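Take a look at the structure set out below.
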Amino acid sequence: MLPNLTMSPNLGTEDWDPDVITRMIFIGPGAHVSEQQVVNEFHMLGLPLTIKNTCYGSMISGKSEDVYKAIKEIRKLDPSHIFTKERGFAPGDPRRCRGHRFGPREGFHQMEKEYKILGFVSEALENPKEVEIEEKKPIDVDEFKKIMNKCLDKKNR
């Protein structure tokens, strides 16, 4: 097996630090910023982060406090079109990086599907509507027994 496809590659100490997280930053359809602008803004924050430009936006990795601080600042650029999602692997991790795996990584097709609905999410964020949720009541036990008996009677005929 090729070394870059092994299940336990040699990872750095940062990869084992439980306080280090990686988030994917998605730029939704109709955004007023580009992927490059978002990456530039991340760099301008001057936080100790690993930042990677991607086809869907960017990926940032670092101490959770720094990552969430950066996301809070970046979302101010276009709050209705910038979305984030947890990623379990650091940028360039050979277990997931498509450059090492020779093709789309696991989860790419899921991201593709999620991206297609981001336009609807953006629209809902920009035009919130008042909604009422009708709480469904559980069926009465006696009513349930009647229904079940009726079904059993039909089955036994």
Eligible lysines near Lys155 by straight Cα distance, threshold 20 Å, same-chain separation 8 or greater
Lys145, Lys146
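For Asn127 and Asp19 in the same chain, what is the full-extension length gain: residue separation times 0.36 nm, less their Cα-Cα distance, in nm?
Values: separation 108, 0.36 × 108 = 38.88 nm, distance 3.61 nm.
Full extension of this stretch gives 35.3 nm more.
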Descending accessible area (1.4 Å probe), largest on the left, turns Lys145, Lys72, Lys52 into Lys72, Lys145, Lys52
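The values are calculated or read from the model by the stated rules, or taken from the named source; none is laboratory data. Remember, predicted model here, so these are calculated numbers, not experimental data. For the accessible areas, the whole protein counts, side chains as well, though only heavy atoms, and no ligand, DNA or RNA atoms are used. Shrake-Rupley method; radii C 1.70, N 1.55, O 1.52, S 1.80 Å.
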